[in-house]
Amino acid sequence: MTPAGEPVIVVEGLTARFGETTVLKDVNLEVYKGEILCIIGGSGCGKSTLLKQMIGLIRPSGGRVLVGGVDIAAADDDTLNLIRRGIGVLFQSDALFGSMTLGENVALPMDGASGLLPGTIEAVVRMKLGMVHLGGYENHFPTELSGGMRKRGALARAMALDPDILFFDEPSAGLDPLNAAELETLIQGINVGLGTTIVIVSHQVDLVRRVADRVIMLDREARGIIASGAPEELRKNATDPRLRNFLFRQEEGRTK
Amino acid sequence: MKARSVDEGYSLKVESEAGGGLRIILGGSVTLRDTQGWLDRMEGLVGKHRPQRLTVDLGGVSLMDSAGVLGLLLLEQRLKKSGIPMTAASPSEQIRKIMELIDREGIERPPLRSPKSPEGILETIGEAWVLLWRDFIQVMTFLGDLIAALTHLLGHPRDVRWDDVLFYVRRAGAEGLPIVGLISLLIGFIIAFMSSLQLKMFGANVYVASLVALAIVRELGPIMTAILVAGRSASAFAAEIGSMRVDDEVDALKTMGYEPIRFLAVPKLLATVAVLPLLTLYADVFGIAGGLIVGVTGLDLTPYTYLQESQRTITLFQLLASLVKAVVFAFVIAWIGCQRGFQVRGGVEEVGAATTSAVVTSILLIVIVDSVFAIALYYVS
């Protein structure tokens, strides 16, 4: 598949080093406007590190990440905050604040946006919760909700400001197949409905096959990208044994 | 990035339509930032013109985010209540997609639960008592479990995890030496200095040594050391066990056939009971040394005279009583620290609360136990 649209994130020669260990070395990739990009790979291959570098939580040891044309490592705090307002992140552990109700969690990004009246924030919170099928749960605390509901609540918070780009770190981790499928439908709905660019980090081949427009595979030994392309294209032309192993072993495991 | 960097704002144009209709032509970008403003203006225009129907022309809208679309839907709902039908004309493909994504019924759906309203004073007091009673039951139940575990281990000493005991001896004892020594030295110094100001006037310099020795050995040595250990160790015990509960490690122990109290609490208890009397003696020495500094430098006493006077004041009974107190304080610290950890049920935020509660409750109990000792020792001696 040829990616359409302009690149919203450009990763150039990115390196991630922790002490003596180099996790990623000279990684180059582009994320295009409106696409769903999945970054896959086994444990310890640097998927989450790459995601954290793309959202500016970890400074690159080398290379740079351009979001909307701005180098986020070199950006000052105001610019970085402006860029982050255009980004939503759904963390693996949902990261909802336990001391706040679901409604307060979703309202939190809007509290930081000046000039919004409480009535407007309340209406938007109800709308966002409705979008993730949690209408009416604004006064519940995260601990009172199931894992799937918490994930969807965290998604409502991540999309509170209609971000241009949404990042998902292992979205279906810890969810049963029904909840995982519901989340996948929501991801696709947000991508189509709001035109949001989506970057997913996952090791779930199923999820990747169902939602991705484009897939990038990272490998621990190679410390970088070993394959990229549309999901079906990758499956058909998977000659690299590491890629074959990753794509087909999971399916074999399930059919047994 | 689309809206945030180049948000040119919205524009409104009003046209009258045949048959009492009103057409509002919306243009520019309509985003979260403007939602309240344009919604109010639209309602103002409707109130002013009182039309039979309203058409909102979206043909000129360059950008409308989900909050903008929400504004349209809210306006439609409000006008519907006034009997004015509203139509959104020429919406872009993107606006139509956002409209499909929004759950229209969800916007009006009342919360499944109303927000918690502030409680009345009687309710608050009543609830506090219920919580206190429940807490008391839990603390006493844990005490029973702890005693049962100790009784079992008395008959099976090889079941005690002695490596863990040594680890906590180092943690609670050896690593606490610098802070216990420093604080005891300073307390001895302060007592000696403050009392010397008064006793000097009566020529009773030598009694500073007696006062410091008595205060340190009988009261301040055991209680200050216990408070310091409570601050360092009770909190650490609660945080450690609480985190283990959150991560299901305590349940994992049960599935492996271990009794969590024997496995986790008993080594901490034995270590604390072993080190606190030693730390108390250590604190006594430093406290007297603090007084000695004042005695030698400010009261013209020789070190020999000072120490001789201190030794004459302290009886073996007082020393033993302070060590017994230290053992009881140690039991309280380990008991409360571990109980607060095991009490954690929810997420990580409860670990913080358990840690704070471990320190506060153990210090409170230490002071209560000390008061009981003060009265009991008065009658015994």
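Can you tell which of B:343, B:146, B:58 lies farthest toward the positive end of the dipole of chain B, using +1 and -1 charges on the Cβ of basic and acidic side chains (Lys, Arg; Asp, Glu)?
With unit charges placed on the Cβ atoms, the residue in question is B:58.
For residue B:38, what accessible area in Å² do you get when you roll a 1.4 Å probe over the heavy atoms of the protein chains, rounding to the nearest 10?
0
Near the amide H of residue B:64, under 5 Å away, which other amide H atoms are found, from residues 5 or more places off or on another chain, if H is placed in the peptide plane?
Here B:30 satisfy the definition.
Any idea of the total accessible area buried by the A-B contact, 1.4 Å probe, rounded to 100 Å²? Don't jump to the answer; show the numbers that get you there.
Working: alone 12180 and 21220 Å², together 30590 Å².
So the total buried area for this chain pair works out to about 2800 Å².
With n ≥ 4 as the cut-off for DSSP H runs, can you work out [θ] at 222 nm for chain A, using -39500 (n - 2.57) per run divided by the number of residues, rounded to the nearest 500? It would help to have the intermediate numbers written out before the result.
Working: 9 runs with 98 residues, N = 256.
Calculated at 222 nm, the ellipticity per residue is -11500 deg cm²/dmol.
Enter the mean projected area of the convex hull around the alpha-carbon atoms of region A:92-176, in nm², rounded to one decimal. Present the calculation step by step, with values, prior to reporting the outcome.
Working: hull surface 22.0 nm².
Hull-based average projected area comes out at 5.5 nm².
Measure out, as a whole number of angstrom, how far apart the alpha-carbon centroids of region A:212-237 and region B:254-286 sit.
54
Ratio of region B:139-289's C-alpha Rg to 2.2 N^0.38 Å, to two decimals? Walk me through the numbers on the way to the answer.
On the way: Rg = 20.1 Å, N = 151, 2.2 N^0.38 = 14.8 Å.
Computed over Cα atoms of region B:139-289, the ratio equals 1.36.
Considering only protein heavy atoms, with the full assembly of protein chains and a 1.4 angstrom probe, order B:256, A:127 by accessible area, largest first.
Working: B:256 125, A:127 0 Å².
From most accessible down to least: B:256, A:127.
Tell me the trypsin sites (Lys or Arg not before Pro) within region B:313-381 that lie in a loop according to DSSP and have at most 13 other beta-carbon atoms within 10 Å. The partial results should precede the final answer.
Details: sites: B:325, B:340, B:345; in loops: B:345.
Here the sparse-neighbourhood loop sites are B:345.
When the Cα centres of region A:133-161 and region B:334-381 are compared, how far apart do they sit, in Å?
37
With just the Cα atoms defining each centre, how far is region B:34-103 from region B:133-197? Give it in Å.
For region B:34-103 versus region B:133-197, the Cα centre distance is 68 Å.
With the dipole of chain B worked out from charges on the C-beta (+1 for Lys and Arg, -1 for Asp and Glu) around the Cα centre, which of B:276, B:366, B:305 lies farthest toward the positive end?
B:366
Using a probe of 1.4 angstrom, how much of the accessible area of region B:297-381 is carbon and sulfur, in percent? Can you show the working numbers first?
Details: 3140 of 4400 Å².
Carbon-and-sulfur percentage of accessible area, whole number: 71.
Helix B:316-343 versus the longest principal axis of chain B: what is the Cα-based angle in degrees, 0 to 90, to the nearest 10?
20
Per the helix-only calculation at 222 nm, which mean residue ellipticity applies to chain B, given -39500 (n - 2.57) for every DSSP H run of n ≥ 4 and division by its residues, nearest 500 deg cm²/dmol?
Details: 16 runs with 255 residues, N = 381.
-22000 deg cm²/dmol, from helical runs alone.
Tell me, what % of the accessible area of region B:1-133 is carbon and sulfur with a 1.4 angstrom probe?
Details: 4210 of 7580 Å².
About 56 percent, which is the carbon plus sulfur part of the accessible surface.
Above 17 Å lies some portion of the pair distances; for region B:332-381, what is it as a whole percent of all C-alpha pairs? List each step's numbers first, then the result.
Details: 550 of 1225 pairs.
The calculated P(r) of region B:332-381 puts 45 percent of pairs beyond 17 Å.
Size of region A:99-145 along its principal axes in angstrom, Cα-based, largest extent first?
32, 22, 13
Which value, in debye to the nearest 20, describes the size of the charge dipole of region B:178-333 about its Cα centre when Lys and Arg Cβ atoms bear +1, Asp and Glu Cβ atoms bear -1, and nothing else is charged? Mind showing how you got there, number by number?
Details: 9 positive and 10 negative charges, 73 e Å.
The calculated dipole for region B:178-333 is roughly 340 debye.
What is the magnitude of the charge dipole of chain B about its Cα centre, with +1 placed on the Cβ of each Lys and Arg, -1 on the Cβ of each Asp and Glu, and no other charges, expressed in debye to the nearest 20?
Values: 34 positive and 37 negative charges, 87 e Å.
Taking the Cα centre of chain B as origin, the dipole is about 420 debye.
What's the angle, to the nearest 10 degrees (0 to 90), between helix B:303-313's Cα axis and the longest principal axis of chain B?
Once rounded, the angle reads 90 degrees.
Using unit Cβ charges (K, R positive; D, E negative) and no other charged atoms, how large, in debye to the nearest 20, is the dipole of chain A about its Cα centre?
Numbers: 27 positive and 32 negative charges, 130 e Å.
Roughly 620 debye, rounded to the nearest 20.
Under a 1.4 Å probe, what is the accessible area of chain B per residue, stated in Å²? Walk me through the numbers on the way to the answer.
On the way: 19790 Å² over 381 residues.
Computed with neighbouring chains in place, this is 52 Å² per residue.
Beyond 35 Å, what percent of the Cα pairs of the protein assembly as shown remain?
Numbers: 122188 of 202566 pairs.
Above the 35 Å cut-off, the protein assembly as shown has 60 percent of its Cα pairs.
Mean shadow of region A:162-256, computed from the convex hull of its alpha carbons, in nm²?
On the way: hull surface 27.7 nm².
Mean projected area for region A:162-256: 6.9 nm², to one decimal.
Looking at region B:105-131, which residues lose a minimum of 10 Å² of accessible area between their chain alone and all protein chains in place, measuring with a 1.4 Å probe and not counting ligands or nucleic acids?
B:106, B:107, B:109, B:111, B:112, B:113, B:115
Give me the angle, in degrees from 0 to 90, between the Cα long axis of helix B:348-380 and the longest principal axis of the Cα atoms of chain B, rounded to the nearest 10.
The answer is roughly 30 degrees.
GNM, chain A, Cα, under 10 Å: largest mean-square fluctuation among A:52, A:33, A:236?
Highest fluctuation among the options: A:236.
Are there any residues in region B:10-40 with a reduction of at least 40 Å² in accessible surface when going from the isolated chain to the assembly of protein chains? Probe 1.4 Å, please list them by number.
Residues meeting the cut-off: B:32, B:36.
Which of these, A:71, A:213, A:240, has the largest mean-square fluctuation under a Gaussian network model of chain A (Cα springs below 10 Å)?
Result for chain A, Cα springs under 10 Å: A:240 fluctuates most.
Would you mind working out the accessible area per residue for region A:94-135, using a 1.4 Å probe, and quoting it in Å²? Could the numbers behind the result be given before it?
Numbers: 1540 Å² over 42 residues.
Per-residue value: 37 Å².
Net charge near residue B:325: determine it from the other residues with C-beta under 10 Å of the C-beta of residue B:325, scoring Lys and Arg +1 and Asp and Glu -1. Walk me through the numbers on the way to the answer.
On the way: positive: B:218; negative: B:219, B:370.
Taking every Cβ under 10 Å from that of residue B:325, the sum is -1.
Of B:358, B:192, B:89, which is the most mobile in a GNM of chain B whose springs link Cα atoms less than 10 angstrom apart?
Result: B:89 has the largest fluctuation of those listed.
Over region A:142-256, with every protein chain in place, what whole percent of the accessible area is carbon and sulfur at 1.4 Å, could you tell me? Intermediate values should be presented prior to the final figure.
Values: 2290 of 4770 Å².
So the carbon and sulfur contribution to the accessible surface is 48 percent.
Can you tell me the equivalent ellipsoid semi-axes for region B:249-361? Use √(5λ) from the Cα gyration tensor, largest first, whole Å. Mind showing how you got there, number by number?
Working: eigenvalues 365, 52, 19 Å².
Each semi-axis is √(5λ); the values are 43, 16, 10 Å.
In region B:64-90, what residues drop by 40 Å² or more of accessible area when the other protein chains are put back, versus the chain on its own? Use 1.4 Å, and skip ligands and nucleic acids.
B:66, B:70
Within the set B:48/B:81; A:25/A:236; A:52/A:236, which residue pairs have Cα atoms separated by over 22 Å? Mind showing how you got there, number by number?
Numbers: B:48/B:81 17 Å; A:25/A:236 27 Å; A:52/A:236 31 Å.
Cα-Cα > 22 Å for A:25/A:236; A:52/A:236; rest within.
Could you list log10 I(q)/I(0) for chain B at q = 0.07, 0.13 Å⁻¹, which the Debye formula gives when each Cα is one point scatterer?
Here the Debye-derived log intensity ratios amount to -0.60, -1.02.
Check each of the GluC sites (Glu not before Pro) in region A:3-34 and keep only those in coil by DSSP with at most 14 other C-beta atoms within 10 angstrom; list them in order.
Values: sites: A:12, A:20, A:30; in loops: A:20.
Those satisfying the criteria are A:20.
The values are calculated or read from the model by the stated rules, or taken from the named source; none is laboratory data. Since we're looking at a predicted model, the values are computed, not measured. Here the Cβ is made from the backbone with ideal geometry for all residues, glycine too, and neighbour counts use every protein chain on show. SASA here: full protein model, heavy atoms, side chains in, ligands and nucleic acids out. Shrake-Rupley method; radii C 1.70, N 1.55, O 1.52, S 1.80 Å.
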